[in-house]
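Enquirer: My structure is below; once you've seen it, I'll send some questions.
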Amino acid sequence: MTAVEVHSGYKYYGKENDPNKKIVLNHLNMSVTRGSIYGLLGASGCGKTTLLSCIVGRKFLNDGEISVLGGTPGTPGSGVPGPRIGYMPQEIALVEEFSIKETIYYFGRIYGMSTEKIRERYKLLKELLELPCDDRHVGNCSGGQQRRVSFAAAMVHEPELLILDEPTVGLDPLLRERIWQYLVETTSSSKLAVIITTHYIEEARQASCIGLMRNGILLAEDSPVAILERFNCTNLEDAFLSLCQKHGPSEEADRTTHQSHTIRSIKSIESPIEDVGTDIKKSIPPLTSATDEKSKSLYEESGKPITKSIKELKKNSYSSDLKTHDIILRHVSKRKSKELIKPLLPVFSIQFSGLLRASQFHSDTVFYIFVTFHKLLCFAYQLNKIDRHIISFFANVLAVEWYFSSFPLPLGTAATQNDCFSLQEYYDTFDDAYHATKKGKIWGFIYFTSNFTESLQDVRDNVRDAEPGSYDNQEIKVYLDKSDQQVTFFLEKKLLEAYKNFAEYLMTECQLPKQLANAPINFETPLYGTFDDEFTNFMAPGVIMTMVFFLATLITATIFITDRLEGVWDRTLVAGITALELLLAHIMTQTSIMLLQCIEIVLLATFVFDVQNQGSNAVVIGLLMLLGFAGMLFGLLISIFCDAHSTANFMATGTFYPMIIMCGIMWPLEGMPRYLQYIAYCFPFTVPSISMRNVLVKGWSITDFQVYMGYGTIIIWIISLLLLCLVGLKMKK
Ligand SMILES: Nc1ncnc2c1ncn2[C@@H]1O[C@H](COP(=O)(O)OP(=O)(O)OP(=O)(O)O)[C@@H](O)[C@H]1O
């Protein structure tokens, strides 16, 4: 009974009409019977993995037919992909963050096994494959150990067809032998069919049938004994070598001749020697692409095939393959942990800033928003460099705050500890203070001339008859480093307020109307907001929305790209989970995380950053959740079009900056040229930020136009992103 039957399988990569398209399966025929092991041998790049992908239903033939366990893979009711097959791909394709036990249980559950059955199988496989301890994370296992876990995951459910793509790479010979022994015993006592590819040609001697593959065709398909007899060889490597020599030297030969004499099993090649010309007989067979050039030059030197040397070259090539493989594994796992940490940085930073505020500092909240924002920028790149700036920024700001806290005006009763907004530092001379500002140690200084008080008194008492120079000397001179607009704006405001308090106090003491001290402009009670409104309240909606959107984007893009690159996505699909189920699982997990994040952000903003919400928390959380969902879809879109993390990062960062700069929190929309305003309004969090500000500051409800417009904008974005994802998925299919 046949388990797998391939009839005239034809598959290429590239466009149909492209003359340079890569033909990988070239009208290949193959037959695997139940209760047997089929060893698929061939040089690197000959099409083995592609053939296996077609068998498990992850890729489709362009022409020809495949039947697996009585059905066509990928068709409804065939059970393939699904639990009827066990698939161990060439790459490890396991979630590195899972422990070994979790990995086996994960696959067991996907295959619908009971916990008891999984436990039983896990025990058996653990002994057979000498797996490390249960709770060791896959990412912390060596390359060989990871392969064994991968092998166990493919066999846990006792499938009808087991497909193993190079399962024995990196394993010690004793363990390899045990695995083969297990496969031989299991296949002889059950209907299990095994297709196994290997670079160790000799180990395939234990297979029931061997298929020798080259350039997309099967040169031979028979039992190992029959192959050895036919070629009069003592080992399979020599048999393969002879067969390749007979078949031809290059891919081109295969391409041009396949219609006439390929796709036949060795049984149908009556006289293989006669089939090929003399010049082809002389030529050197490409065993692996890595050894090809070396083999050829060896041949050219001596004028005859040098089997022994080729074997040595092959050996070297395998060991270098292994090293490269291990390096790639290490690199991937190292990179992954970094990638996963990155999206969490803004959350850490916001919490860290909050903790600082709660524990040590009493500075104005605006500084913490700056710090968080700076850290958000760090997240994009160059963490260390910007961090240094933040530290110096902090030191300087606090220095100024201290200074102003003891600002030597008779603030009297108006001065309380809460009015402190600077660090105090005295300088003996004007030059010292000037240089400290020049060097960036302080944000500015206040200079009082030596006869300040006398001059002030002189001006007030004598008015027109005051001494020359008194008017100049009675001024409080402020020298500021205005390179940071926000800091100096804040300092100027506080300084003027301090003077106003002083002047009003003076007028009151002199029993004069307070108004005399003020400029004849009076700002009445604001309709919304307060006089003391901090920059935080303005920035908060935009900053929070940016974070929610891009956290969701980065997490989604990272997870999907990592899963795809590491083969976890493909492997899970082969196990019978559909792409839609995988997407839904991600959406459900991510939505729960987002809900927690949104609640955390609202709590932090309220209790740590003192952001007052005059409206409904539910409306705010609703807006944030929808925005997070849009971010998630944007991440999905990025992962569809980007094959690597680096390109995904470029794409995310490239979109992040225009959006954040133009959403109105840094550059007021009213200050933009008209055409830029229109563009800015189209961005996903410009209108929603305005909506959220209206809820927070004005207490407007969802029925207000300027609130539900925020919802409307996000919903339009969600629909558009969803459509783009569907189009992208269709294009990539
Ligand atoms: N998605 C793809 N697009 C274009 N070419 C591809 C793609 N996948 C594989 N190929 C090419 O098809 C050929 C066969 O690849 P395949 O992975 O099937 O070989 P293989 O025999 O499994 O090699 P190895 O033993 O090294 O894994 C190779 O030349 C490869 O470069």
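The values are calculated or read from the model by the stated rules, or taken from the named source; none is laboratory data. As the structure is a computational prediction, the values presented were derived from the model and not from experiment. With ideal geometry, Cβ positions are generated from the backbone for all residues, glycine too; neighbour counts draw on all protein chains shown.
Enquirer: State all residues of the stretch 161-187 that are in contact (Cβ under 8 Å) with a residue 60 or more places away in the chain and either away from the ligand (no atom under 16 Å from the Cβ) or under 22 Å from residue 81 (Cα atoms) (or both); if no residue qualifies, say none.
Expert: Within the stretch 161-187, 161, 162, 163, 164, 165, 166, 167, 183, 184, 187 meet the criteria.
Enquirer: Select from the stretch 21-63 the residues that are buried (at least 20 other Cβ atoms within 10 Å of the Cβ), of a type in the set (Gly, Ala, Ser) and near the ligand (Cβ under 8 Å from one of its atoms) and write down the one among them that is nearest to the chain's Cα centre (by Cα).
Expert: By that ranking, first place goes to 53.
Enquirer: I need a count of the residues in the stretch 7-20 that are within 14 Å of the ligand (Cβ to nearest atom) and assigned to a strand (DSSP E or B).
Expert: 5
Enquirer: Now for a different question. Run residue 34 past the list (1) farther than 22 Å from residue 184 by Cα; (2) out of contact with any Leu (no Cβ under 7 Å at 6 or more places or on another chain) and report the number of the one that doesn't hold.
Expert: Tallying (1) farther than 22 Å from residue 184 by Cα; (2) out of contact with any Leu (no Cβ under 7 Å at 6 or more places or on another chain), residue 34 fails exactly one: (1).
Enquirer: Which one of 578, 572, 553 is within 30 Å of residue 108 (Cβ to Cβ) and at pLDDT 90 or above?
Expert: Numbers: 578 fails: at pLDDT 90 or above; 553 fails: within 30 Å of residue 108 (Cβ to Cβ).
After ruling out the rest, the residue left standing is 572.
Enquirer: Could you pull out the residue among 139, 211 that is surrounded by 18 or more Cβ atoms within 10 Å (Cβ to Cβ) and either within 16 Å of the ligand (Cβ to nearest atom) or among the charged types (D, E, K, R) (or both)? I'd like the intermediate steps shown before the answer.
Expert: Working: 139 fails: either within 16 Å of the ligand (Cβ to nearest atom) or among the charged types (D, E, K, R) (or both).
Result: 211 is the single residue among 139, 211 that is surrounded by 18 or more Cβ atoms within 10 Å (Cβ to Cβ) and either within 16 Å of the ligand (Cβ to nearest atom) or among the charged types (D, E, K, R) (or both).
Enquirer: Let me ask something additional. Under the condition of being within 22 Å of residue 160 (Cβ to Cβ) and not hydroxyl-bearing (Ser, Thr, Tyr), which residue from the stretch 1-20 is surrounded by the most Cβ atoms within 10 Å (Cβ to Cβ)? Talk me through it step by step, then tell me what you get.
Expert: Applying the first criterion (within 22 Å of residue 160 (Cβ to Cβ)) to the stretch 1-20 yields 1-7, 9.
Remaining after also requiring not hydroxyl-bearing (Ser, Thr, Tyr): 1, 3-7, 9.
Values: 1: 9, 3: 26, 4: 23, 5: 16, 6: 23, 7: 15, 9: 28.
The selected residue is 9.
Enquirer: To continue, here is another question. Might you check whether a residue that is crowded, with 23+ Cβ neighbours inside 10 Å and either of a type in the set (A, V, I, L, M) or assigned to a helix (DSSP H, G or I) (or both) occurs anywhere in the stretch 180-189?
Expert: So the first thing to find is which residues in the stretch 180-189 are crowded, with 23+ Cβ neighbours inside 10 Å, and the list is none.
Taking every residue of the stretch 180-189 in turn, none turns out to be crowded, with 23+ Cβ neighbours inside 10 Å and either of a type in the set (A, V, I, L, M) or assigned to a helix (DSSP H, G or I) (or both).
Enquirer: Select the helices (runs of 4 or more DSSP H) contained entirely in the stretch 609-699, then report the ones holding at least 2 residues which are without any contact (Cβ under 8 Å) to a residue 24 or more places away in the chain.
Expert: On the way: elements: 617-641, 645-662, 674-682, 686-698.
Correct list: 617-641, 645-662, 674-682.
Enquirer: Please determine whether any residue of the stretch 662-669 is farther than 23 Å from residue 712 by Cβ and in the same structural domain as residue 558 (by the TED database).
Expert: Step one: of the stretch 662-669, the residues farther than 23 Å from residue 712 by Cβ are 666-667.
Narrowing the set further to residues that are in the same structural domain as residue 558 (by the TED database) leaves 666-667.
Yes, the conditions are met somewhere in the stretch 662-669.
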